[in-house]
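The values are calculated or read from the model by the stated rules, or taken from the named source; none is laboratory data. Note that the structure is predicted; figures quoted are calculated from it, not measured. All Cβ positions, even for glycine, are placed from backbone atoms using ideal geometry, and neighbour counts span all protein chains on display.
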Amino acid sequence: MINQENERKKLDQCTFKPKTNKHNFVSNREPVSQDSSGINLEQRIEMLYKKGTACYKNKRDKDKDEIIFEKERNEFTFKPNINDA
């Protein structure tokens, strides 16, 4: 009881007192089961998850030679002249 009184006193000192509606709009809405394109949200989430993991896997699957080549690409100085036959 004492804690509630202390809280009330603290709140009385506040200068900002917004007026809010007592309605809880979130609980009145039904859950959305499809996105704007008509795809089931669970399927959409699964599809995006698979795309993300595939992209990550492709980045991770480079062998050591590819990684070294990408790091040292600018250090290669040999540039042959190729003639069109």
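Worth pointing out:
- Checked against the criterion of being of a type outside the set (Lys, Arg), on the phi < 0 side of the Ramachandran plot, at pLDDT 80 or above and not in a helix (DSSP H, G or I), region 34-49 has at least one qualifying residue.
- Pairing residues of region 45-69 that are surrounded by 10 or more Cβ atoms within 10 Å (Cβ to Cβ) with residues that are at pLDDT below 80, at Cβ distances under 9 Å and at least 6 apart in sequence or on separate chains, gives Met47/Ile39; Phe69/Phe76.
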